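Let me begin by presenting the structure, written as structure tokens, before commenting on it.
The values are calculated or read from the model by the stated rules, or taken from the named source; none is laboratory data. These figures come from a predicted structure and were not determined experimentally. Quick reminder, even Gly has a Cβ in these numbers, built from the backbone with ideal geometry, and neighbours come from all protein chains shown. The area values use the complete protein model at the heavy-atom level, side chains included, leaving out ligands, DNA and RNA. Shrake-Rupley method; radii C 1.70, N 1.55, O 1.52, S 1.80 Å.
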Amino acid sequence: MNQPKYIFIVGSSRSGTTMISRVLNQHHLVHTFKELHFFSQIYSSRKKDHISAKKAIEIMNVLLMRQEFGLFQNKNKNKFSKISNSILSVNMDYTYFDVFQKFIDYILLEKNKKIACLHTPNNLFYLQDILCAFKHVKIINMIRDNRDVLLSQKNKWRRKFLGAKSIPFFESLRSKVNYHPFITSYSWNNSINRTNLFDGNSFFSLLKFEDFLSFPKEKTIELCTFLKIPFNEDMLKIANIGSSTENDSDEQFIDESKKYKWKNGGLNNSEIYIAQFISGDFMKQFHYKKQEFSLPPLGVIFYAITAPFKILASLLLNLGRLTVFFDMIKFHKTK
């Protein structure tokens, strides 16, 4: 297979997808798009029918706006109407995928790049649709120790105060309410179940977050070989931003201290026990060693009692995202 046109970096949220997208964005052939949430918020498997040119232009406006200003800016949709009209014909009907592909082509042309890198983690719930609709696709699946994912999700609400000032207060609140060790652990399991369906295919590559941090150059060379693009040293010069436990930094290096941060505190014994109890089989699959417990911590009872209330609160704060919310927590068997 030749070089891909589309690279999809997927995995459980807070597993290093953004970090790898920054590495690839340093390549002269690749442009990394912002987190567009096209599949989870604009497209769904129920929307395969043709849409009018007017609807297509509305979608194009949203995509251009998100690419320019980020996911949380919703006030400048009409600013891009002229561009959208120049990309799309008013005399044609389109599918959702048609609009998305034309948007990607427009941005790649504008940036003078050949390969699109898309790193929205929950794209993993739409991989079958992606593979059916797009040609020349490569998928990079990020895996991270589930206890580090728990720690990062637990503190995700703090991102607004650690450098990501554009995040609205409501999003910080939603992140705080969404966290629960039962919910987050089941979500991590489901992301593994979904991506395990594609393991072994030539278009699919699995990358452990911890392996990359330990051997960044070697793992980047492996990625380049998988993507059939030449390696260059500049790919390793990325800013240390995006952490939910540290302030953003413009220093450009791969920070190995980000692996196994849960061992330094931040999770109580009950959270660790729950994560290991729910995700034990997958932890064994990826060689993550468990912390030993002689008895279950008493706090497990507290989390079991509060889980239904947390789920209800999360539902209320995620009314516009119920499809992907249920996808995150429902079980899917592996092949």
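A Cβ distance below 9 Å, combined with a sequence gap of six or more or placement on separate chains, defines the contacts here; from segment 272-297, residues that are farther than 21 Å from LYS154 by Cα reach residues that are at pLDDT 95 or above and assigned to a loop (DSSP other than H, G, I, E, B) in the pairs LYS284/LYS290; PHE286/ASP145.
Can PHE169 be described as farther than 30 Å from PRO297 by Cβ, without any contact (Cβ under 8 Å) to a residue 12 or more places away in the chain and either of a type in the set (Lys, Arg) or open to solvent by 30 Å² or more (accessible area, probe 1.4 Å) (or both)?
Values: farther than 30 Å from PRO297 by Cβ: yes; without any contact (Cβ under 8 Å) to a residue 12 or more places away in the chain: yes; either of a type in the set (Lys, Arg) or open to solvent by 30 Å² or more (accessible area, probe 1.4 Å) (or both): yes.
When the stated conditions are applied, PHE169 passes them.
Of all residues in segment 250-263, those satisfying the criterion of being in contact with a helix residue (DSSP H, G or I) (Cβ under 9 Å, 6 or more places away or on another chain) and surrounded by fewer than 15 Cβ atoms within 10 Å (Cβ to Cβ) are GLN252, PHE253, GLU256, SER257, LYS263.
Residue pairs whose Cβ atoms lie under 6 Å apart, separated by 6 or more positions or on different chains, with the first residue in segment 227-249 and surrounded by 13 or more Cβ atoms within 10 Å (Cβ to Cβ) and the second in a helix (DSSP H, G or I) and of a type in the set (Lys, Arg), are ILE238/ARG22; SER244/LYS156; SER244/ARG158; SER244/ARG159. Tallying residues that are touching a strand residue (DSSP E or B) at 6+ places or on another chain (Cβ under 8 Å) and either without any contact (Cβ under 8 Å) to a residue 40 or more places away in the chain or in a strand (DSSP E or B) (or both) within segment 133-166 yields 7.
Inspection of segment 45-63 identifies at least one residue that is under 30 Å from ASN146 (Cβ atoms) and open to solvent by 20 Å² or more (accessible area, probe 1.4 Å). Got at least one residue in segment 100-111 being surrounded by fewer than 17 Cβ atoms within 10 Å (Cβ to Cβ) and in a loop (DSSP other than H, G, I, E, B)? Checked segment 100-111: no residue is surrounded by fewer than 17 Cβ atoms within 10 Å (Cβ to Cβ) and in a loop (DSSP other than H, G, I, E, B). Identify, please: which residue in segment 294-314 is surrounded by 13 or more Cβ atoms within 10 Å (Cβ to Cβ) and either under 21 Å from LEU71 (Cβ atoms) or not aliphatic (A, V, I, L, M) (or both) and is, among those, modelled with the lowest pLDDT? Checking each candidate, the answer is SER314. Of the helices (runs of 4 or more DSSP H) contained entirely in segment 176-291, those carrying at least 3 residues that are under 18 Å from SER13 (Cβ atoms) fall at 181-196, 209-214, 269-285.
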